[in-house]
Amino acid sequence: MNKLQIGIVGCGAIAQQKHIPALKKISDKVELAAFCDGSKIKARQIANHVNKKAKVYNNYEELIRDPGIDVVHICTPNKLHAPIAIEALRQGKHVMCEKPMAINTKDAEKMMEATRHSGKKLTIGYQNRFRKDAIILKEACQYGDLGEIYLAKAHAVRRRGVPTWGVFMNKELQGGGPLIDIGTHALDLTLWCMDNYNVASVTGVTHHRLRHQNKANPFGSWDPDSFEVEDASIGFIQMKNGATIYLEAAWALNTLDEREAMTSLSGTQGGAEMRKNPITHARELIFNGEKYGSLMEMKMQDDTAIDYISPVEETEADREIGQWITAILEDKKPIVLPEQAFKVTQVLEAIYQSAQIGKTIELT
């Protein structure tokens, strides 16, 4: 079997910490063949560390035009997601694009059109679907254990966790702040578990309140004058079947209830809640409901390991990248479909629009 030739566009943290390590673990199926970054020096450094024979570019168009590249992974600022993905698809490449799909619905629509016309696959990097707790929760929802899910909360809240590196606070390049950065994960998890993408209306509020409270940030203090995006955002999402979703996203919020990339679901037969253990801070998944005339709770336990002979831990990124490559090789649909990611982008854009004009946005 010939190995799929992978090109990485954008050599920052997400490429180095997620994509490259996961791809290296399946080196029997893929080869990291090309790297592109605005800094050609950085691209060369990464190539020297991963594959000294890899090609290096500082212009993504050159990488995309390379006939030897089969798959492009996009790890750039949000504004560049759509133009790179569209051109890569037109050039006959499969594309994995980091979240969010795009900074607006118009660009996301063009991405979907490009994948339809090209016949090549497109997926978006929502690795939290591949966490063990998320997989269990999705399975429970599919089995109908919760009944009809009519109320949900999508959590993406940091007490302090403003990313001070890169361009995260640049509105033009990123399209927004915590809502589009981490709120996108929480919303994706929630819609996916509910298996409900039929949105009727969206109401949103954004806040710019804590930009001067910058001394306790674990990533270091930021310059308040360069903090161009919101520090917190709230969305109320009404579904066409009457279900509702409350979305909260914050990089900085004076709260003790910190939850990131988590969801809480309430259904007619039971509920489920992702949360942090108050003592260990580990993720927990707790099911709740009524049984035998009493209120019941069931907590999913962490996997136990045997000392000295425990298997190597497989990360959510490994599972995500692994199924993506398998989808290409076996001509299957990837787990994260572009149509699903499009709906997330549409809702996020509507929250921003609603916050700006002070009115509810109706979706068709």
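Summary of computed values
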quantity: Any hit, region 110-120, residues being over 14 Å from the mean Cα position of the chain (by Cα) and of a type in the set (Asp, Glu); calculated: yes
quantity: Filter result for the condition that a residue is over 14 Å from the mean Cα position of the chain (by Cα) and hydroxyl-bearing (Ser, Thr, Tyr), over Thr123, Thr164; calculated: Thr164
quantity: Top-ranked residue of region 65-82 - restricted to ones that are aliphatic (A, V, I, L, M), within 22 Å of Phe342 (Cβ to Cβ) and buried (at least 20 other Cβ atoms within 10 Å of the Cβ), ranked as farthest from the chain's Cα centre (by Cα); calculated: Val71
quantity: Filter result (surrounded by fewer than 20 Cβ atoms within 10 Å (Cβ to Cβ), in contact with a Phe, Trp or Tyr (Cβ under 9 Å, 6 or more places away or on another chain) and not in a loop (DSSP other than H, G, I, E, B)) within region 236-263; calculated: Phe236, Met239, Thr244, Tyr246
quantity: Test: residue in region 328-338 that is modelled with pLDDT of 95 or more, among the hydrophobic types (A, V, I, L, M, F, W, C), surrounded by fewer than 17 Cβ atoms within 10 Å (Cβ to Cβ) and not in a loop (DSSP other than H, G, I, E, B); calculated: yes
quantity: Per-region count, region 193-235, residues buried (at least 17 other Cβ atoms within 10 Å of the Cβ), hydrophobic (A, V, I, L, M, F, W, C) and assigned to a strand (DSSP E or B); calculated: 4
quantity: Answer residue from region 58-81, given it is of a type in the set (S, T, N, Q) and in a loop (DSSP other than H, G, I, E, B) and is modelled with the highest pLDDT among those; calculated: Thr76
quantity: Filtered residue count, region 32-50, keeping only those that are surrounded by fewer than 18 Cβ atoms within 10 Å (Cβ to Cβ) and not in a helix (DSSP H, G or I); calculated: 2
quantity: Scope region 27-39; condition touching a helix residue (DSSP H, G or I) at 6+ places or on another chain (Cβ under 6 Å) and within 20 Å of Thr315 (Cα to Cα); matching residues; calculated: Lys29, Val30, Leu32
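Matching residues to (1) in contact (Cβ under 8 Å) with a residue 12 or more places away in the chain; (2) within 22 Å of Ala341 (Cβ to Cβ); (3) not hydrophobic (A, V, I, L, M, F, W, C):
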residue	(1), (2), (3)
Leu151	yes, no, no
Glu172	yes, yes, yes
Asp188	yes, yes, yes
Asn196	yes, yes, yes
Leu210	yes, no, no
Asn214	yes, no, yes
Gly220	yes, no, yes
Gly242	yes, no, yes
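The values are calculated or read from the model by the stated rules, or taken from the named source; none is laboratory data. The shown structure was predicted, so the numbers you read here are calculated from the model rather than taken from an experiment. Neighbour counts run over all protein chains shown; Cβ positions are idealised from the backbone, glycine included.
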